[in-house]
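Visitor: Submitted below is the structure of interest, expressed as structure tokens.
The values are calculated or read from the model by the stated rules, or taken from the named source; none is laboratory data. It should be emphasised that the depicted structure is a prediction, and the values quoted were computed from it without experimental measurement. Counting neighbours? That spans all protein chains shown, and the Cβs are built from the backbone with ideal geometry, glycine included.
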Amino acid sequence: MKTKLISENAVMFTFSDQDITIEQLIAVRQKLCQQPDLLEVINGYQTITVYFDRQNIHYDHIQTWIEEMILNDKLPMAIGKLHHIPVCYEPDYAIDLQDLMTYHHLTAKEIIDLHTAPTYQIAFLGFSPGFPFLTGLDPKLYTPRKERPRTTVPKGAVGIAGHQTGIYPASSPGGWQIIGQTPIDLLTIDNPEQPTLLLPGDQLVFYPISKEEFQNFNQKGAFSS
Amino acid sequence: MTIKVLEAGLHSTIQDAGRHGYQTYGFAVSGPMDEFAAQIANILVHNEPDEAVIEVSFIGPTLQFHQDSIVAITGSDMSANLNDQAISLARPISIKKGDILQLRTAKTGAYGYIAIQGGLKLSDVLGSKSTLVRVTHNGLLGRPLKVGDSIPLQRLSVTVPSLDWGVAASLFTYITDSNRMIRYLEGPQAEWFDVETFEDKEWQLSTHSNRMGFRLEGEPVRLLTKEQLASEATSFGAIQVPANGLPIILMADGQPTGGYPKIGQVIRADLAKVSQTRPGSVIRFQRVSYKHAIDQLDQQKQLIAALQYIMKEKWL
């Protein structure tokens, strides 16, 4: 573990893949969030960044907490929610699917099967509010970003970039390869307790729906368990 | 009672101390680009330093007041006038119902602040009155101000004393200082770069700069590795260097995580100076220690606290 003060009020802990799994990283974050002296705890793929108030706590203490958690292996994985997210992979909504078929020499069905098979882990949210960074994409679908980012990617677009797959919660510019679109709303900003549907530590499965199902989609049709 | 927006200006937004506690969900912190100027504006009208203000940039708005008020304007000099009469920066100004306050093109700096006595009567969205970015939201906090908007005001919470005082213009010399040396802390991926190709030279601020990020132009920074970074936390002042070697400084609306390596982090005491840099202007970088950064920040906080104490006396 490497410790680095990255600003006056933030310390970042970087782990190597051998040190820790993504699930453990999420568990460490959940434990740290229970510490009242810390302002915010932000995970990355291999990092935990803690924002703190210098007047209340020295970052040495935070480092000690993390070391003890990992050494003592006291990291029960809190079970996050499992979300089932409907995705329409039909051509109108899957603007880069044809490019992926060419790039990977796969059929549309093979791509959809590969994308809907895994149970993905939500590592963290970032880029924009509610945007989930997922781990668990099948390596057969690893695809470089678009050379020219689009100026507008529609709300709900499901994309692939490198080893990552994710969902755009709002319309925005973006360079990910778009292979489908979900009618589900990922933002709930009227709820200050939980302004996003998905949380770090939750799990997610995609399932295919038709164009008609997409258009007639009623938010209540979604289910979480 | 409200302020009516007659002309919106280039990019006018509402900003308070920022949306803290929601970066985990992917929300930007936001808040003023020049927090120092915003806080002084509030102190001048007897508000708490972190009260919501109107932030304006490059071309100011035209605002009509539908109630008596007191305002203070700080930051960029945008030739402020009240009913076509020039008014001074950095002092409280009495406003009568029906008055028209106008800010024009920035002559110095880039970001100006209008603080209004009593503050703005708006509901918080996720704990803050800062304008949201990268999310769809109906209401005044969902977008920059536009013509026809009505901004609800709180009632005046003071009786108006004689307003014949202000703060020294010398507090704001960082806005016009031609020596734009920016102090920074070493970033988490500093060893990925030939730091000499970053520090010992002039960088020019690109016109493609906004509240999310400031792009710099110059001879590219030399990368020493082809390593790819896995996304990690970023914050206001982070100096990212993409593969083309041209740094991007993340600003107040920057995203909470990012995948570009970071050569450094601008110290908080110098963020206002960076924010007030105009496109085409030159900046340089100087690395400092963590201790220096917190000493500078504490000095700035003490200055704000002292000014707040002195200004309070004026309203007794």
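Visitor: Do you know which residues across the stretch B:80-104 are surrounded by 15 or more Cβ atoms within 10 Å (Cβ to Cβ) and either free of Cβ contacts under 8 Å to residues at least 40 places away in the same chain or aliphatic (A, V, I, L, M) (or both)?
Guide: Scanning the stretch B:80-104 gives B:Ala80, B:Asn81, B:Leu82, B:Ile87, B:Leu89, B:Ala90, B:Ile93, B:Ile95, B:Asp99, B:Ile100, B:Leu101, B:Leu103.
Visitor: Of all residues being within 15 Å of A:Glu67 (Cα to Cα) and facing chain B (nearest Cβ under 10 Å) in the stretch A:14-45, which is surrounded by the fewest Cβ atoms within 10 Å (Cβ to Cβ)? Just the residue, please.
Guide: Checked the stretch A:14-45; the qualifying residue surrounded by the fewest Cβ atoms within 10 Å (Cβ to Cβ) is A:Thr14.
Visitor: Going through the stretch A:167-184 one residue at a time, which ones are at pLDDT below 95 and not hydrophobic (A, V, I, L, M, F, W, C)?
Guide: A:Ser171, A:Ser172, A:Pro173, A:Gly174, A:Gly175
Visitor: Another one. Pull up the stretch B:203-222, narrow it to residues that are in contact with a helix residue (DSSP H, G or I) (Cβ under 8 Å, 6 or more places away or on another chain) and not in a strand (DSSP E or B), then point me to the one that is farthest from the other protein chains (Cβ to nearest Cβ).
Guide: B:Glu219
Visitor: A further question on this structure: If I ask for residues that are modelled with pLDDT under 95 and farther than 13 Å from B:Gln255 by Cα, which ones from the stretch B:224-238 would you list?
Guide: Those that are modelled with pLDDT under 95 and farther than 13 Å from B:Gln255 by Cα: B:Thr225, B:Lys226, B:Glu227, B:Gln228, B:Leu229, B:Ala230.
Visitor: Against the definition (of a type in the set (Val, Ile, Thr) and either crowded, with 17+ Cβ neighbours inside 10 Å or within 14 Å of another protein chain (Cβ to nearest Cβ) (or both)), how does B:Thr225 come out, yes or no?
Guide: Considered against the rule, which asks whether it is of a type in the set (Val, Ile, Thr) and either crowded, with 17+ Cβ neighbours inside 10 Å or within 14 Å of another protein chain (Cβ to nearest Cβ) (or both), B:Thr225 comes out as no.
Visitor: Could you check how many residues of the stretch B:230-279 are facing another protein chain (nearest Cβ under 9 Å), in a loop (DSSP other than H, G, I, E, B) and in contact with a Lys or Arg (Cβ under 6 Å, 6 or more places away or on another chain)?
Guide: 1
Visitor: May I pose another question? Anything in the stretch B:118-147 that is away from chain A (no Cβ under 11 Å) and within 19 Å of the chain's Cα centre (by Cα)? List them, or say none.
Guide: Those that are away from chain A (no Cβ under 11 Å) and within 19 Å of the chain's Cα centre (by Cα): B:Gly119, B:Leu120, B:Lys129, B:Ser130, B:Thr131, B:Leu140, B:Arg143, B:Pro144, B:Leu145.
Visitor: From the list A:Tyr89, A:Tyr93, A:Tyr59, which one is at pLDDT 90 or above and within 14 Å of chain B (Cβ to nearest Cβ)?
Guide: After applying the criteria, what remains is A:Tyr59.
Yes/no matrix, rows are residues, columns are (1) closer than 20 Å to A:Tyr89 by Cβ; (2) more than 10 Å from chain B (Cβ to nearest Cβ); (3) assigned to a strand (DSSP E or B):
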position	(1), (2), (3)
A:Lys109	yes, yes, no
A:His115	yes, yes, no
A:Pro118	yes, yes, no
A:Gln121	no, yes, yes
A:Phe133	no, no, yes
A:Glu147	no, yes, no
A:Lys155	yes, no, no
A:Gly159	yes, yes, yes
A:Phe206	yes, yes, yes
